[in-house]
Every structure is written in C-alpha cells, then in structure tokens.
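J.: To start, I am sharing the structure in question, which I have written as structure tokens.
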Amino acid sequence: MTTELSDLHYVLLGTAAKRANGSILPPSDGVGVIRAGLTRAINALIKRGLAQEADAADESSIWRTDGKRKIAAMITEAGRAAVAEADGKKLEEAPPAPPPEDPSAVEAKPQTKQALLLAMLKREEGATLAQLVEATSWLPHTTRAALTGRTGSISTAASAIKPGTRLVRSWHGKDHHVLIREDGFIYEDTLYPSLSQITKRITGTSWSGPRFFGLKKGKGSHG
C-alpha cells in the first residue's frame, strides 16, 4: 500500500529518520512553517501511525506537555518505511556505457543521480533547486532530502557555522549576502557547496571563501 506524504510531512519524517533518537522536533532550518502548522502536521502523522509520542529527552524535542510530563513526537517504523518509499530506494542504476574508441576524448559522466547532483553543485556557477530537479527527475522534496544527506560531502565549512546565519560582504561598493544552510550556501538564489565558489563569482579570483567573508583569520582582501 502506497503512503502519500505531503512535502512538509516528508521533510519532518526525513529529518527524524536521520536522528539517532528519531525525534521530529526541532524541525530543520528549511521548514518555514509557524508552530500552528507544525502542530497540525504532527497530529496528522500521529493519527496515521507514522509518528508516536514518547518522553522528551531534551527541551528542543518537546512536542507538547501533560502536566509535568514533557512529550516528544518520534518517527515510527511505518514512518521510516514511508520515507524510504518516497526516497525512491529502487532507483535504477545507469547502464554502463560502452568503452569509447579514444577514452581521453570522452568526458566522464556521473553514473548515479547522487553523483550527478554533487557534480552540479561543484560547478563554478553552482546550481538552483529547479536545475537539480530537472537533471535528476526527482521530486523537489526528494532532491532537498538528498542535499541534506550530502552535507558532509558538499561542504565542511557549513558544519562549523549555524544554519540560518547570514553573511554580508561589501565588495566594490556592493553588499553581497549569503545564507548558510545545512546543505550549502545560498547566494543570489543559487546553491553553492563552498564559500570559495561564491567568492570567485564575486571577485573573479580564487580566494579563500571563509577568509573573504571574515570567518578565518589571516591576510584578507579589500573591497
């Protein structure tokens, strides 16, 4: 039986599935929903058996209180199965390409969708969510989940900065704004895996991104 999930339900369950304690709360930084919307969504997940209540291990995971009891909402096995189903675990592997006559003349192409996604993010110009969705043929929420799962590979600098932080750098009289996310860096509506790629786009020079934005001490550049 197929379990249909809305984008919000998928993101909440997908986040919980990645946590050791299985807690749905706190939501990921990408969930721009007010508390009332979260309450309705979690209630729906519990009614469908995709989540269940348990004692909260910390303040951030509290879903509701009952007297002095602090209660968390936790993903169930049915919830994990629904996430796995939505993720498309049975993605077909690309068939191996026949060997070219001149291997040096043929550019190697990613053999999986995950590899394609990472290759697009490593491009100097980055990639928008719409471009990633078109290239992989995934649904938007599946693409976002894949991005979250690739955080460690995409950027090591992102893990040192709290998601949601905004960086501002003035360069040649113009302020450049960057949003830090779990899956990379947003600059001018485009996702980049590193600050250095954004810095090169701004300055045209291969400078250290963290140093350019003042995150590392050392010789800086002047705008």
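J.: Just subtract the alpha-carbon distance of His172 and Lys47 from 0.36 nm times their residue separation and send over the number in nm, one decimal. Could you put the intermediate results ahead of the total?
T.: Numbers: separation 125, 0.36 × 125 = 45.00 nm, distance 5.56 nm.
Length gained between His172 and Lys47: 39.4 nm.
J.: Also, quick follow-up: Would you mind ranking Asp87, Asp183 by Cβ crowding within 10 Å, fewest neighbours first?
T.: By the 10 Å Cβ count, ascending: Asp87, Asp183.
J.: Follow-up question, since we're still on this one. For region 7-87, what number results from the quotient of the Cα radius of gyration and 2.2 N^0.38 Å? If you can, show how the numbers build up before the last one.
T.: On the way: Rg = 11.6 Å, N = 81, 2.2 N^0.38 = 11.7 Å.
Against the compact-globule rule of thumb, the ratio is 1.00.
J.: OK, next. How far apart, in nm, are two points set 7 Å out from the Cα along the Cα-to-Cβ line at Ala78 and at Arg40?
T.: Output for this residue pair reads 2.2 nm.
J.: Let me ask something else about it. If neighbour count is taken as other Cβ atoms inside 10 Å, put Tyr192, Tyr187 in order from fewest to most. Kindly include the intermediate steps, with their values, before the conclusion.
T.: Working: Tyr192 27, Tyr187 20.
Lowest to highest Cβ neighbour count: Tyr187, Tyr192.
Here, each number is a calculation from the coordinates, and none is a lab measurement. This structure is a prediction, so every number in the text was calculated from the model and none was measured. When we count neighbours, we look across all protein chains shown, and the Cβ atoms used for this are built from the backbone with ideal geometry, even at glycine.
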